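K.L.:
Okay, handing you the structure first.
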Number of protein chains: 4
Amino acid sequence: MKAAILTGGGDCPGLNAVIRAVVRRGEQLGFQVAGVRNGWRGLVENDLVPLDRNAVSGILRLGGTILGTSRGNPFDREGGIAALQETLRRNGIEAVVAVGSRDTLLVAQRLFEQGYQVVGCPKTIDNDLPGTDYTFGFDTAVTVAAEAIDRLHSTAEAHSRIMVCEVMGGRAGHIALQSGIAGGADVILIPERPVELEEVCNQIKARQARGKRFSIVVVAEGAQVEGAGETASPEVDAYGHPRLGGIGTYLARELEKRTSIETRVTVLGHIQRGGTPTARDRVLATRFGVFAADLVHQKRFGQMAVLRGDQIVSAPLSQVTAEPKQVDPALFETAAIFFG
Amino acid sequence: MKAAILTGGGDCPGLNAVIRAVVRRGEQLGFQVAGVRNGWRGLVENDLVPLDRNAVSGILRLGGTILGTSRGNPFDREGGIAALQETLRRNGIEAVVAVGSRDTLLVAQRLFEQGYQVVGCPKTIDNDLPGTDYTFGFDTAVTVAAEAIDRLHSTAEAHSRIMVCEVMGGRAGHIALQSGIAGGADVILIPERPVELEEVCNQIKARQARGKRFSIVVVAEGAQVEGAGETASPEVDAYGHPRLGGIGTYLARELEKRTSIETRVTVLGHIQRGGTPTARDRVLATRFGVFAADLVHQKRFGQMAVLRGDQIVSAPLSQVTAEPKQVDPALFETAAIFFG
Amino acid sequence: MKAAILTGGGDCPGLNAVIRAVVRRGEQLGFQVAGVRNGWRGLVENDLVPLDRNAVSGILRLGGTILGTSRGNPFDREGGIAALQETLRRNGIEAVVAVGSRDTLLVAQRLFEQGYQVVGCPKTIDNDLPGTDYTFGFDTAVTVAAEAIDRLHSTAEAHSRIMVCEVMGGRAGHIALQSGIAGGADVILIPERPVELEEVCNQIKARQARGKRFSIVVVAEGAQVEGAGETASPEVDAYGHPRLGGIGTYLARELEKRTSIETRVTVLGHIQRGGTPTARDRVLATRFGVFAADLVHQKRFGQMAVLRGDQIVSAPLSQVTAEPKQVDPALFETAAIFFG
Amino acid sequence: MKAAILTGGGDCPGLNAVIRAVVRRGEQLGFQVAGVRNGWRGLVENDLVPLDRNAVSGILRLGGTILGTSRGNPFDREGGIAALQETLRRNGIEAVVAVGSRDTLLVAQRLFEQGYQVVGCPKTIDNDLPGTDYTFGFDTAVTVAAEAIDRLHSTAEAHSRIMVCEVMGGRAGHIALQSGIAGGADVILIPERPVELEEVCNQIKARQARGKRFSIVVVAEGAQVEGAGETASPEVDAYGHPRLGGIGTYLARELEKRTSIETRVTVLGHIQRGGTPTARDRVLATRFGVFAADLVHQKRFGQMAVLRGDQIVSAPLSQVTAEPKQVDPALFETAAIFFG
């Protein structure tokens, strides 16, 4: 048995931990693992690297992915699937472990439907993939964002200021919500809860009226804020992430204009998806990787590793076609207790 | 309605987040919260402080507990319960929120059995309380330990060394196991898995034979290592924690003697239970606190907040009398894939 | 003898450490210290708080300033100086310790010239104050920025990307230069070194030609980039800091357009000036505070504490009127070795 | 021109940054750099690896040393110097860059005296090398220790406790002193200031008498504490570091016995010398490396890079024979203001 592993889509802390786990568990189960460079593209272009225990030594704590990533879809490429098949044949690869978010796993599912032996490992810092309680990378993103909010807090307190912190989350507000709770945000704006700009201004003014000189506003990049002008539709990339600047900056301008309180903005951007994963993300990614290798060994193709409660279990790849997982309304209500 | 909140037992990151959450949620639900100083002792000695929104402002991210803690048991004290009752009566306190680990919650349960209106909030960095999947403080402890193991890794690689890192966990090995997986430990020793010292030496020698110049050994303070001389029974405190030095130091001496490889030891001690909580622990502590306030409001006494999967639900306080929760054997097997 | 201490201007990690040091050293030398709220304004408005050992307990590690800050100038206010004098008289304050950056210290110097007993303590995260080798807050800002660049590195490597990171530094590029060296930046843009946008594009393309798929661009908010359209003059605040978004965002847009390489931007903003100070900044701030108390005790008014080499010495307040301290050209050359 | 670089002695954050800087600057100046494995031993055993821009890519932020280290002395080895000479000849190496602490640099100096073309780069986390204001690695060690003290503070406050934190520093107390100031230590014990155990107890009791329930004691591993029994002479290694446990543990036992206050101990050990270097250490190590390459290029052999004030300058290698650099008494006095 020989398997291949690829990482697709946006970067995510924990990818290297998954790769290491698949290789080490594969070794233990008696199969070899080849690394595919740059996602699906590497399978089309026959761009493989051999992986063994030494190749994955020391990568557990590294951000990024030693395999590189890309977002090409082999089905959109003339002769893509034929080339991919040829790569598998030529290298004697019987199974593919696809680590990625929605787009990557959709390709995996489609290949599985066509008879390829594929298993999946869900990945997204946004935590919006349906079918799994959590994905690795999310805890790191929340940690980075919460540390930023902590720092903004102390400086906001020293002055009389609104601090706007734009975090990732194009389709769901998980990062904004959890980092906002952890950082003690006064306002949290997420895609699932469209608000009027006027309402946000009122919340901030109400705080001021109670003697609070500052407000921390955490805004997901995909938040819907009515009346914030251009903000409704910042330019987005293929993942739904605003590309260059975005709602944070516009929101800051509007809040300052309407409340007359000095306002500053921080746009965290990709520091949320790079760097060393948290301990929790390394444990989760390692468990996902071990489980994915087990799925290969057990020939349970068309399945992916998911977290339910505290257990790793399998779910059909097809589940990723569902709508993005939204934040738990009860958790938003918990956050709202501390607004104002 | 007026409630009191106390924190008992060992320190734990997230206690202040719980206090803040109970006060803020109480305020929203229409009841006041008094703070009890130094655990149950404060109720016996009528040592209360008023708490309101201002008193808990800014404490979310602070380690320790603004209320102080202690481990006295009012039932063991002559006239203790009568004095406690008098404190409640005099201050018009109808309900008590007890935040603590086993000992604290056992008192809560006993008081409840005697007709007192008590709810609980489980707390331990060790994560060994039965009835809840996770407790706040645990993620912080794992994070601190994993960061230490990361640092030891880089220095172990530069030399040819055994690095022993002693972490907390007197009755269960949760911290050792998760920080060991996260840090890439080569050996993990926990109370649930007694081993022969000889076996550990063999593991390390086998690594060396494969060309690995260094080994990282993570040992829970309560690990059972046969043949390690005094190590079998270091002096322990009331929580079962070895008090001054302990198995780490002894183990390091024995490993060096028997393998002839230079060995160094790090004893993390209380840095695992102090300091600012991780984002995850702040979120969990906040949810626990909100839920505990809800239990008070709904007069669901004799219950405590617990985490099941990703939901906060209630469980009878009596559950804490069960045996300490041990590590999941499957998770230990996952760790063991990477040994050697 | 009774002294007052105030903190003026922008927030800066280490302010609380200075306050604590002045109070504790004053106590030791036998004089009392009153805290002035919100900078010079508090002296005009007689807004003082008593400070003693208990009041400053535990603040060493907190960001922000327990006294608040502002940027008003009493000389610009009708009757400002008379009111200030009345505050000093009424409270029996004989000496004032002014902790602040250029604007704050200019007021201190002017008051000193008019016969007031004032000493100074320089403060700026930008490290551009003349007369002192380093100011506290700078090391924290560099640390925060370097950690961000580290995170961007791992994610940039996984893709083929330009990552732009905008850091503080309106008049000088110290933060950009040191965090850029520490983070391994491929391009560093600072106010002291105006460049053509075309030149930056060429540097990045040259990297690509050598097989480097990504580039990290660190840009000080006050960097001069010719040909970057609006970027030449983003809206600035009273400290010369661009207010909402700024050169980072514009630069990212232009680089992407001209190189056709996907580009992302991170705007760190105020997370560089908030939060817990680094160990080094706490030591430096403590030394500054102790020295400032000594200046008061020795009646060496009109002087401020400065760092020269590894020694704290005094310098006339008038030195702050000099031009902002620019980066050491030799250090920029060191950074440039690693460009491309 | 071809040079070789080696790293000797104990591990130290920043070694990889030096290696990278020497290679990159060498490339710019037109000379090649070979890496010597495991310190001087690699030169005796002809164990070299070629280094170029790719080999040092991405190592700036890694702890440890990619070259490995050892503490052998070629002069103590039969035929050692002849073998070393043969290695240089065979590989065409004209100059050697020795990065290390006292022992490594003494070998370098002795080789220089015998006509070898050697330059040095001082290295020690302890900061006790004479001739340079600071060495890289020190800031990282202080940062790690200060973070640990921060964590101990919050947990000490929650209870009534003495917390002992043992940090590195066998011959001088720089780490203990600076991390103690940064962390707000109540007692700092260093080799330069022998104390009676009784005196320490009295300091702690005096604190208690003033209502302070806890005390943080930072102790350098080489501190002289009279009356602490075995503590006077813990087993030390070749660097003067106590090997397994040491004064911290003994001191904790004695303090508890004599003050009857519960006491806990943390022994930081090698986490102070491993892991990613701070931003400041990366900048300093990079500057040292660039300067060392310049020394080679300028054929200024027998010199080493040192920091004076904020400038990197050269000093004769012979300076390392001087006594270890002790802490500045004035800085200790600054720390002492906050004792008690």
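The values are calculated or read from the model by the stated rules, or taken from the named source; none is laboratory data. If you're wondering where the values come from, they're calculated on a predicted model, not measured in any experiment. Virtual Cβ from ideal backbone geometry, glycine too; neighbours counted across all protein chains shown.
K.L.:
Name the single residue, out of those in the stretch D:154-166 being touching a residue at least 12 places away in the same chain (Cβ under 8 Å) and at the interface with chain B (Cβ under 7 Å from one of its Cβ atoms), that is nearest to residue C:59 (Cα to Cα). Full working, then the answer.
P.N.:
Step one: of the stretch D:154-166, the residues touching a residue at least 12 places away in the same chain (Cβ under 8 Å) are D:156-157, D:159-166.
Then drop every residue that is not at the interface with chain B (Cβ under 7 Å from one of its Cβ atoms), which leaves D:157, D:159, D:163.
Details: D:157: 14, D:159: 19, D:163: 19 Å.
So the residue we want is D:157.
K.L.:
Here is a follow-up. For the stretch D:180-211, enumerate the residues that are in contact (Cβ under 8 Å) with a residue 40 or more places away in the chain, more than 19 Å from residue D:167 (Cβ to Cβ) and within 14 Å of chain C (Cβ to nearest Cβ).
P.N.:
Across the stretch D:180-211, the qualifying residues are D:206, D:207, D:210.
K.L.:
As an exercise: evaluate residue A:127 against (1) within 14 Å of chain C (Cβ to nearest Cβ); (2) in contact with a Phe, Trp or Tyr (Cβ under 6 Å, 6 or more places away or on another chain); (3) not charged (D, E, K, R) and give the number of the one condition it does not meet.
P.N.:
Going through the list (1) within 14 Å of chain C (Cβ to nearest Cβ); (2) in contact with a Phe, Trp or Tyr (Cβ under 6 Å, 6 or more places away or on another chain); (3) not charged (D, E, K, R), residue A:127 breaks only (1).
K.L.:
Mind listing whichever residues of the stretch C:130-148 are facing another protein chain (nearest Cβ under 10 Å) and small (Gly, Ala, Ser)?
P.N.:
C:141, C:145, C:146, C:148
K.L.:
Taking residue A:283, is it within 13 Å of another protein chain (Cβ to nearest Cβ), in a strand (DSSP E or B) and without any contact (Cβ under 8 Å) to a residue 24 or more places away in the chain?
P.N.:
On the way: within 13 Å of another protein chain (Cβ to nearest Cβ): yes; in a strand (DSSP E or B): no; without any contact (Cβ under 8 Å) to a residue 24 or more places away in the chain: yes.
So residue A:283 fails the test.
K.L.:
Now a separate question. For residue B:298, all conditions in the list (1) surrounded by 24 or more Cβ atoms within 10 Å (Cβ to Cβ); (2) out of contact with any Asp or Glu (no Cβ under 9 Å at 6 or more places or on another chain) hold save one; what is the number of the exception?
P.N.:
(1)
K.L.:
If you check residue C:226 against the conditions, is it touching a helix residue (DSSP H, G or I) at 6+ places or on another chain (Cβ under 9 Å), closer than 30 Å to residue C:306 by Cα, surrounded by fewer than 24 Cβ atoms within 10 Å (Cβ to Cβ) and more than 14 Å from every other protein chain (Cβ to nearest Cβ)?
P.N.:
Judged against the criteria, residue C:226 is not a match.
Let's see how each residue does on (1) touching a Pro at 6+ places or on another chain (Cβ under 8 Å); (2) assigned to a helix (DSSP H, G or I); (3) among the hydrophobic types (A, V, I, L, M, F, W, C):
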| position | (1), (2), (3) |
| --- | --- |
| C:275 | yes, no, no |
| C:296 | no, yes, yes |
| C:300 | no, no, no |
| C:305 | yes, no, yes |
| C:312 | no, no, yes |
| C:324 | yes, no, no |
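K.L.:
Test each condition in (1) touching a Phe, Trp or Tyr at 6+ places or on another chain (Cβ under 9 Å); (2) away from chain D (no Cβ under 12 Å) for residue C:175 and report the one that comes out false.
P.N.:
(2)
K.L.:
Further, regarding this structure: Out of (1) among the polar types (S, T, N, Q); (2) surrounded by fewer than 19 Cβ atoms within 10 Å (Cβ to Cβ); (3) at pLDDT 95 or above, the odd one out for residue B:87 is which?
P.N.:
The failed condition is (2).
K.L.:
Sticking with this structure for a sec: I'd like to know if the stretch C:54-76 contains one or more residues that are within 25 Å of residue C:109 (Cβ to Cβ), of a type in the set (Lys, Arg) and surrounded by fewer than 23 Cβ atoms within 10 Å (Cβ to Cβ).
P.N.:
Let us first name the residues in the stretch C:54-76 that are within 25 Å of residue C:109 (Cβ to Cβ), namely C:65, C:67-76.
Now drop any that are not of a type in the set (Lys, Arg), which leaves C:71.
Right, trim to surrounded by fewer than 23 Cβ atoms within 10 Å (Cβ to Cβ) and you get C:71.
Within the stretch C:54-76 (the criterion being within 25 Å of residue C:109 (Cβ to Cβ), of a type in the set (Lys, Arg) and surrounded by fewer than 23 Cβ atoms within 10 Å (Cβ to Cβ)), the answer is yes, since at least one residue qualifies.
K.L.:
Using beta carbons and a limit of 6 Å, which pairs, at least six apart or on different chains, have the first residue in the stretch A:1-26 and at positive phi and the second one crowded, with 24+ Cβ neighbours inside 10 Å?
P.N.:
A:9/A:100; A:9/A:104; A:14/A:136; A:14/A:137; A:14/A:277; A:14/A:281; A:14/A:285
K.L.:
Might you check whether a residue that is part of a helix (DSSP H, G or I), of a type in the set (A, V, I, L, M, F, W, C), more than 14 Å from chain B (Cβ to nearest Cβ) and free of Cβ contacts under 8 Å to residues at least 60 places away in the same chain occurs anywhere in the stretch D:45-60?
P.N.:
Of all residues in the stretch D:45-60, those part of a helix (DSSP H, G or I) come to none.
No, the conditions are met nowhere in the stretch D:45-60.
K.L.:
Shifting gears a bit: Please state which of the following conditions residue A:338 fails to meet, knowing it meets all the rest: (1) within 29 Å of residue A:159 (Cβ to Cβ); (2) in a helix (DSSP H, G or I).
P.N.:
(2)
K.L.:
Does residue A:328 fit the bill of being of a type outside the set (Lys, Arg), surrounded by fewer than 18 Cβ atoms within 10 Å (Cβ to Cβ) and touching an Asp or Glu at 6+ places or on another chain (Cβ under 6 Å)? Outline the logic, then answer.
P.N.:
Values: of a type outside the set (Lys, Arg): yes; surrounded by fewer than 18 Cβ atoms within 10 Å (Cβ to Cβ): yes; touching an Asp or Glu at 6+ places or on another chain (Cβ under 6 Å): no.
The answer is no for residue A:328.
K.L.:
Here is a further query. Kindly provide the set of residues from the stretch A:269-284 that are within 17 Å of residue B:178 (Cα to Cα) and within 13 Å of the chain's Cα centre (by Cα), ordered by number. Spell out the reasoning first.
P.N.:
Here is the first cut: in the stretch A:269-284, the ones within 17 Å of residue B:178 (Cα to Cα) are A:276-284.
Of everything in the stretch A:269-284, those that are within 17 Å of residue B:178 (Cα to Cα) and within 13 Å of the chain's Cα centre (by Cα) turn out to be A:277, A:281.
K.L.:
Considering only the stretch A:1-44, state which residues are of a type in the set (S, T, N, Q) and within 14 Å of chain C (Cβ to nearest Cβ).
P.N.:
Within the stretch A:1-44, the first condition is being of a type in the set (S, T, N, Q), and the residues that meet it are A:7, A:16, A:28, A:32, A:38.
Answer for the stretch A:1-44, where residues must be of a type in the set (S, T, N, Q) and within 14 Å of chain C (Cβ to nearest Cβ): A:7, A:16, A:38.
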